[in-house]
1. How many residues does the range 117-133 contain that are hydrophobic (A, V, I, L, M, F, W, C) and under 10 Å from residue 49 (Cα atoms)?
2. Hey, can you tell me all the residues within the range 68-82 that are open to solvent by less than 70 Å² (accessible area, probe 1.4 Å) and over 18 Å from residue 225 (Cα atoms)?
3. Among residues belonging to the range 16-25 that are touching a helix residue (DSSP H, G or I) at 6+ places or on another chain (Cβ under 9 Å) and free of Cβ contacts under 8 Å to residues at least 60 places away in the same chain, point out the one that is nearest to residue 147 (Cα to Cα).
4. Among the numbered criteria (1) closer than 18 Å to residue 206 by Cα; (2) in contact with a strand residue (DSSP E or B) (Cβ under 8 Å, 6 or more places away or on another chain); (3) of a type outside the set (Asp, Glu); (4) open to solvent by less than 20 Å² (accessible area, probe 1.4 Å), which one does residue 284 miss?
5. Just checking, which of 292, 321 is modelled with pLDDT of 95 or more and over 25 Å from residue 168 (Cα atoms)?
6. Give the range 97-134 a look and list any residue that's open to solvent by 70 Å² or more (accessible area, probe 1.4 Å), within 30 Å of residue 170 (Cα to Cα) and in contact with a Lys or Arg (Cβ under 9 Å, 6 or more places away or on another chain), or say none.
7. Just to verify a result, which residue in the range 290-304, among those that are assigned to a loop (DSSP other than H, G, I, E, B) and under 14 Å from residue 327 (Cα atoms), is least open to solvent (accessible area, probe 1.4 Å)?
8. What are the residues in the range 95-128 that are part of a helix (DSSP H, G or I) and not basic (Lys, Arg), if any?
Amino acid sequence: MLQAIGYWKEKSNSIWRSSPDSYLYRKSMMKRLKQQISFDAYCCTAVNPMTLTTVGAITESSIEPIHQKLLTAEYLKDDVHLYRDLVESSVKVARLSDTFGIQESKRYTDILQPQQFSDEMRVTLMYKKRCYGFLTLFKKEGKPNFTDKEMLLLEGLSSIMGKALRDYFYMELENNSKFLYTDPGVMIIDQHLSLQSMNEAGKRYITLLQELEHAEQLTRLPKPIQAMCFRLLARKEKTLRLFIPIANKIHLVASASFLQTDVSENEAIVIIINRASAREMLEHLLETYALTDREQQVVRTSLQGYTTKEIAKELNISSYTVQDYFKVIYDKVGVTTRNELVWKLFAKYQ
């Protein structure tokens, strides 16, 4: 018997409180879900809500050999139930077997069927109209397809897991963070996703991302780097930027673009990884503390050195209203003065 949504809310909150990072949360939720739904493999991905690019994925061992093919199908080809389409759809759960005989899926015929997978369930993990993750479940041949009741359960889990992944994405950094990397990490990757070269800082960042995913095969590129490469190869963007929070330890920004060279006809991709700048951290923290648009305007003008009267004039409100806004902002951010606010949101990251 499938547990009610109330059970899953309580279970998700309990796992969130005891799991220091998104990986452990997703791993524990998959273990619980396995007790309720019959599936043979899964992939659970955390994504950046602005770009829908993965910032870390748990891929079961039986899916790992075809994961790059699945990414290729997701970014380079048109198919049924692509995640970018599900995010925009009113229905956040899709069952591949519903399309059989109606619309051909190359993902099924070319990738899943040769591996003896017979059905696939896709779920966008949403919170307040933003997507923070993707969950994919797979069934092997000889097993019944996913049921309507299982679809309803996963539809309910969409917002429950979405909220937890949102909280991990916007988790505060620890003040005693030991990650003091300052040099940019640089790596060159060919169109087949083979790493051609990298500097010492690039090696450190790659290792850090692999640790985030608890990767067993350290020879493979981390999932965020793979996803950025596939998005470039899809020719939908010329350059990409991806904000990657690593638990409460460090926040990275990865940039990807094609490397222009006259030496080789083969296209290469250059990835540059840095610690997030003060300006990038500000944008992230304004979302972390769930400041409203108006509260963000007050903060931004305050960071420019405006006095209360100047802020009031700039925003066309009274000085008393500005003071009221600051009281709410202080409460949300956990500070008591304007100097503390500037330090916590901006100055400490310079």
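1. So the first thing to find is which residues in the range 117-133 are hydrophobic (A, V, I, L, M, F, W, C), and the list is 117, 121, 123, 125-126, 131.
Still in the running and under 10 Å from residue 49 (Cα atoms): 126, 131.
Final tally of qualifying residues: 2.
2. Scanning the range 68-82 gives 79, 80, 81, 82.
3. As a first pass, look at the range 16-25 and keep what is touching a helix residue (DSSP H, G or I) at 6+ places or on another chain (Cβ under 9 Å): 16, 18-19, 21-25.
Next, from what is left, pick out any that are free of Cβ contacts under 8 Å to residues at least 60 places away in the same chain: 18-19, 24.
Values: 18: 31, 19: 30, 24: 27 Å.
It comes out as 24.
4. (1)
5. Going through 292, 321 in turn, the sole match is 321.
6. Matches in the range 97-134: 128, 130.
7. 291
8. 96, 97, 98, 99, 108, 109, 110, 111, 112, 113, 114, 115
The values are calculated or read from the model by the stated rules, or taken from the named source; none is laboratory data. Keep in mind it's a predicted model, so treat the numbers as computed, not measured. Don't worry about glycine lacking a Cβ; one is built from the backbone with ideal geometry, like all the others, and counts go over all protein chains shown. When the accessible area is computed, the model is the full protein with side chains, heavy atoms only, and any ligands, DNA or RNA have been set aside. Shrake-Rupley method; radii C 1.70, N 1.55, O 1.52, S 1.80 Å.
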